[in-house]
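These notes are about the structure you will find just below.
Values quoted throughout were computed directly from the atomic coordinates according to the rules given, and no laboratory measurement underlies them. On a predicted model such as this, the values are computed, not experimentally measured, just so you know. Note that we place each Cβ from the backbone using ideal geometry, even for glycine, and neighbour counts take in every protein chain shown.
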Amino acid sequence: MKIRRTNLPKLLIISVLVSLFSIANSNSVLAASGSGEEGEEESKTEFIMHHIADDYQWHIITIGHTHISIPLPVIIYDYEEGLKVFMSSDFYDEHHEPIAHGGFMIDHGKIVRAGEGHGSDHHGDSHDDGHGDDHSDSADHGAEEAHADDHGDEHAADTSGFLDLSITKNVASLFLSMVILLAVFFAVAKGYKKGVGAPKGIQSFFEPIIVFIRDDIAKTNIGVDKYERFMPYLLTLFFFILFNNLLGLTPGAANLTGNIAVTVCLALLTFLITNFNGGKAYWTHIFWTPGVPLPLRPIILVVEIIGIFTKLISLTLRLFASITAGHIVVLSIIGLGFILNSIAIGVVGTLFSTVITLIEILVALIQAYVFTLFSSMYIGQAVDDGHH
Amino acid sequence: MDLLIPDTGLFIFQMVAFLLLLFVLGKFAWKPILAGLKEREETIEGALKSAEQAKEEMQALQADNEKLLAEARAERDSLLKEAVAAANKIKEDAKAETSKITAKMVEDAKASIENEKRAALADVKTQVAALSLDITEKVLRTQLGEKKAQETLVDEYVKDLNLN
């Protein structure tokens, strides 16, 4: 009885958060659904993809046609003209329509070099897009699409000659998660600096997880005598992925761990640590696998070398795909109500997406665990002495 | 397919941020946390071990105590036994001595009684002799006229007495 009473407020908070998330998403879908009648399904897909992709501003909420978002700094290093820093709000005029700034503009969610004609062209396009809901005839629409395609082709060459180092939504979220991670684990570490004693507060929440990573991931896979060197990496990896997975589930947050640049970076670090720590046994196993008939060894060699890189790719794609897929599923289920124009389906969809969101919390944990587990397994294989 | 192309800017930020995080957390969070965990585990293990040791020591001490007690008891018993034996011996000795003395005393007494008896007998004999002489004298004064015959007769009597 007592347990139930203490858990009730927490449950309430969780359910409020989950419903907030669902409502926030529904609002966005609602806004997106209003943008056009023809090609509606495409606009939904675009909306979902937009939600998953990175952005130069932090979109909070859209009420009617008013977008409320936090502009983020754009940093462009032009190889010829040097560093350019300005706010992403400079890419939009007072009517919230895209314009070029400093020779650059946003096209299909990416910063590109603005050509002479393109700036105005794009301006026109978006203008039509924004107010497309008042009966634009199909011929016009077709023309627009052709135009857009044209755009894409021409702009493919225009992303060269500069480096986009903007503080995008994902980068901002990355910094936010850094602050949270530092704050949380400095607080945890404080508990251990007072000398030996029973864990208290936040310390007692994270200690079992840290001990689990140490004993059941690092010690079992790397070995009792070698695991200590890799503990900081594994702990940072686990909590970075976990915190960002969970942050990605909060309403309006960025989809950092569902971004391939992030996952490839983490996988690359594991790849580098694995191969730089590879012992004699590891490389012997790759180049001249013992216990395999001689004629087969060259074939095994090829397979093993491919294997080094498949580890990197599988780590990258697993995390990216799990998190991105989760987001797509949640948004698709919410979007279903709007596509089918049915309140009933909308209600069921929202409830269902709540369930999916709860599963996503589990996925967030599992993927953090799996990434850390595989990383330690790869490291364990690399540092193994060869005597099993 | 934009999703599958890593963004250079984000990649750079991610790499820098993660390495920074790894360094800072490694130095200021993981190091004290792992060291603290290890220290605590060692402390607990040490405490358990020392408790076990204390228990063993306690048991050893108890066993020692018991052994000591048993020894003391045995010693006491043997002492008691010795004391009893000694006392018995003293008693026996005293008894023997006493009986010896008694015997000697009896002997002495017997000897002295004999002497006394002898002296008394001699005295009695002398007195009897004198008395008999007197009696004889008186008898003979009246019955024997001849003094010489009388004396011969007395001498014969005395001789007979001495032979007795």
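Observations on the structure shown:
- Taking a sphere under 15 Å around the Cβ of B:Glu41 and counting the other residues whose Cβ falls inside, with K and R at +1 and D and E at -1, yields a net charge of -1.
- Extension gain for B:Asp93 to B:Val106 (0.36 nm times residue separation, less C-alpha to C-alpha distance): 2.7 nm.
- 10 Å Cβ neighbours from other chains, averaged over peptide B:18-24: 6
- Average partner coverage of A:200-211, which counts Cβ from other chains inside 10 Å: 1
- Global dimensions of the range B:21-164 from alpha-carbon coordinates: Rg and Dmax equal 54.7, 176 Å.
- Whole-Å semi-axes of the ellipsoid equivalent to the range B:63-105 (Cα gyration tensor, √5λ, descending): 41, 4, 4
- Just so you know, the Rg over Rh for the range A:238-366 is 1.20, from Cα atoms, with Rh as the Kirkwood radius.
- Cβ crowding within 10 Å averaged over residues, with A:370-382, B:111-123 ranked highest first: A:370-382, B:111-123
- Taking a straight line from the alpha carbon of B:Lys110, these lysines sit under 19 Å away, with near neighbours fewer than eight places off in the same chain left out: B:Lys100.
- Selected from A:Phe185, A:Ile210, A:Tyr227, residue furthest toward positive end of dipole (the range A:166-311; charges at beta carbon): A:Phe185
- By the rule of a C-alpha distance below 23 Å, with chain neighbours fewer than 8 residues away ignored, the lysines paired with A:Lys280 are A:Lys219, A:Lys226, A:Lys311.
- Theoretical FRET efficiency, 1/(1+(r/R0)^6), r = Cβ-Cβ of B:Ala47 and A:Thr284, R0 56 Å, to 0.05: 0.80
- Given R0 = 56 Å, the distance between the Cβ atoms of A:Asp93 and A:Phe276 translates into a calculated FRET efficiency of 0.65.
- Label-to-label distance, B:Glu82 versus B:Leu4, with points set 7 angstrom from Cα along the beta-carbon direction: 10.4 nm.
- For B:Lys138, the lysines whose Cα falls under 18 Å of its own Cα, not counting residues fewer than eight places away in the same chain, are B:Lys147, B:Lys148.
- For the peptide A:182-193, the mean number of other protein chain Cβ atoms found within 10 angstrom of a residue's Cβ is 5.
- Using a Förster distance of 45 Å, the FRET efficiency for A:Thr45-B:Leu19 (Cβ separation, nearest 0.05): 0.80
- Entry note, chain B: the mean residue ellipticity at 222 nm calculated from DSSP H runs of n ≥ 4, each adding -39500 (n - 2.57), is -34000 deg cm²/dmol after division by the residues and rounding to the nearest 500.
- Taking other residues whose beta carbon is less than 13 angstrom from the beta carbon of A:Asp54, and scoring Lys, Arg as +1 and Asp, Glu as -1, yields -2.
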